Amino acid sequence: MTRHDTLREESVAYGLHINGRDHAVQAGWLGESLLYVLRERLGLPGAKNACEQGECGSCSVLLDGVLVCSCCVLAADAVGSDVRTVEGMGDDGELTDVQQAFLEAGAVQCGFCIPGLIVAVHDLLDRRPDADELSVREAISGNLCRCTGYGRILAAVAAVQRERAGA
Ligand code: FES
Ligand code: FES
């Protein structure tokens, strides 16, 4: 039996702190990604699985306040960390200003990339409320969208910036 087989056979139980709540992971496998555990074990399907290799950003979440691709993080490595997913961006299921702006700007087409973009845009605007367009483009450059051409996404981000600035 190889080490790989041994790891696959050993199940583990651990807890994750996600969107302000504790979640128990039962009979997990140590090699499972955070993305897999969120979606398949904990019923949090907001983060999307597209490339599963850190290329597309559709699985973006915040890990201790840092934007990461959850497909590239082992779930067991997130024990003790604060995980925030797109489901936890708003209060009590309310849309955030960024989500509302995406809707109003028509920035959502198939929608597959959108949860990752929402997390990335919140992260950027929390850190740099007055980011210029080039900085916004750079910040979302890791979030691939194959539908929109990005124009309406940029318009949505600019609308949030104007609204937050009271302009
Ligand atoms: S699914 Fe994680 S970066 Fe594409
Ligand atoms: S809206 Fe379809 S990939 Fe972005």
Check: Restricting the search to the stretch 81-109, which residues are touching a residue at least 12 places away in the same chain (Cβ under 8 Å) and closer than 21 Å to L16 by Cβ?
Finding: S81, D82, V83, R84, T85, V86, E87, G88, M89
Next item on the list: Kindly establish whether N49 is within 13 Å of ligand 1 (Cβ to nearest atom), among the polar types (S, T, N, Q) and surrounded by fewer than 20 Cβ atoms within 10 Å (Cβ to Cβ).
Entry: yes
Next item on the list: Could you give me the residue pairs with C-beta distances under 8 Å whose first residue belongs to the stretch 126-147 and is within 16 Å of ligand 2 (Cβ to nearest atom) and open to solvent by 60 Å² or more (accessible area, probe 1.4 Å), whose second residue is part of a loop (DSSP other than H, G, I, E, B) and among the aromatic types (F, W, Y) wherever it lies, and which are 6+ apart or on separate chains?
Entry: R137/Y150
Notebook entry, point to check: Using beta carbons and a limit of 6 Å, which pairs, at least six apart or on different chains, have the first residue in the stretch 48-70 and at positive phi and the second one assigned to a strand (DSSP E or B)?
Noted result: G54/C69; D64/D82
Note to self: Looking only at the stretch 59-108, how many residues end up being among the acidic types (D, E) and either touching a Pro at 6+ places or on another chain (Cβ under 8 Å) or closer than 19 Å to R164 by Cα (or both)?
What the structure shows: 4
Note to self: Return the residues of the stretch 137-159 that are more than 16 Å from ligand 1 (Cβ to nearest atom) and closer than 14 Å to L67 by Cβ; say none if nothing qualifies.
What the structure shows: E138
Check: Restricting attention to the stretch 28-46, and to residues there that are open to solvent by 60 Å² or more (accessible area, probe 1.4 Å) and in contact (Cβ under 8 Å) with a residue 12 or more places away in the chain, which single residue is nearest to ligand 1 (Cβ to nearest atom)?
Finding: Y36
Item checked: Selection from the stretch 93-125 of residues that are surrounded by fewer than 22 Cβ atoms within 10 Å (Cβ to Cβ) and either aromatic (F, W, Y) or within 11 Å of ligand 2 (Cβ to nearest atom) (or both) -> G106, V108, Q109, C110, G111, F112
Check: C56 passes all but one of (1) at pLDDT 95 or above; (2) over 20 Å from S141 (Cα atoms); (3) of a type outside the set (K, R); which number fails?
Finding: (2)
Next item on the list: Report, by residue number, each residue of the stretch 45-64 that is closer than 9 Å to L35 by Cβ and over 12 Å from the mean Cα position of the chain (by Cα).
Entry: E52
Item checked: Residue, least open to solvent (accessible area, probe 1.4 Å), within the stretch 65-92, restricted to residues that are assigned to a loop (DSSP other than H, G, I, E, B) and under 14 Å from L34 (Cα atoms) -> T85
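Looking at the stretch 17-41, which of its residues are among the aliphatic types (A, V, I, L, M), under 15 Å from the mean Cα position of the chain (by Cα) and outside any strand (DSSP E or B)?
Those that are among the aliphatic types (A, V, I, L, M), under 15 Å from the mean Cα position of the chain (by Cα) and outside any strand (DSSP E or B): L34, L35, V37, L38.
The values are calculated or read from the model by the stated rules, or taken from the named source; none is laboratory data. Here the structure is a predicted model, which means the values were calculated and not measured. No Cβ is skipped: glycine too gets one built from the backbone with ideal geometry, and neighbour counts run over all protein chains shown. We work out accessible area using only protein heavy atoms, side chains counted, and drop any ligands, DNA or RNA first. Shrake-Rupley method; radii C 1.70, N 1.55, O 1.52, S 1.80 Å.
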